[in-house]
């Protein structure tokens, strides 16, 4: 009967152990949710975009032309090369004082009093001249080798001005709506993380309490099922026994 009781106690231990593992699984799942929500909260915070260099925009009239200066970087030296790019294509070249127009007759060099190149002038920029213009300066002598780019000039048709203003206004309204939504989202995520953290803490404490109870029960059952040792003083003293002959 005692052995059956021991088996019954062990069966209860196993069932209790299964309950503990289930609570541990719940606790692990809650902690995973907290980690995922914290990552989502960090992504929900708005980030700012910083742009280094911005091109200057010039709007060209539909039935006319304008005069535009494309500035070059301030680079000094003996051997200098100035290149004018339109959409990554060289349209004018000033290498060591020799000018090459590449078929563009409406481009002139702009030099200062010291006869140094300051930039390129587009004398008659029309709607057909739309694009991005950039001047690069390269110094080959004296060393070290140096190459820099000037500020970009963007030529656009004047009709794009009204479209861009409408587009900017729509972008401003969209950004305001996004900012309002992003301001409300973090509080929701913070509340969810706080609730899940509290729930996970409670589950962890309950699991620890159950584990302590099970450990105490194991110790008590081991103590009860331990067989007592026989006392040494109750053993009978046996003298020397003489063997009885087989045939008397």
Using alpha-carbon pairs under 8 Å, 6+ residues apart, how would you state the relative contact order of the range 56-158 in percent? 41
If you look at just the Cα atoms of the range 56-158, how large are its Rg and its Dmax in Å? 13.9, 48
Tell me, in nm to one decimal, what length is gained between residue 110 and residue 63 on full extension, where the rule is 0.36 nm per residue of separation less the Cα-Cα distance? 14.3 nm
Quick calc, residue 54 & residue 208: beta-carbon distance into FRET formula, R0 45 Å, rounding 0.05, result 0.15
Could I have the simple spin-label model distance between residue 215 and residue 198, label points 7 Å from Cα toward Cβ, reported in nm to one decimal? 2.9
Residue separation times 0.36 nm, minus the C-alpha to C-alpha distance between residue 100 and residue 145: what's the value? 13.9 nm
May I ask you to order 152-159, 79-86 by the average number of other C-beta atoms within 10 Å around their residues, highest value first? 79-86, 152-159
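No lab work stands behind these numbers, since they all come straight from the coordinates. Fair warning: this is a prediction, and the values are worked out from it, not measured in the lab. FYI the Cβ positions are ideal-geometry reconstructions off the backbone, even for glycines, and counts take in every protein chain you see.
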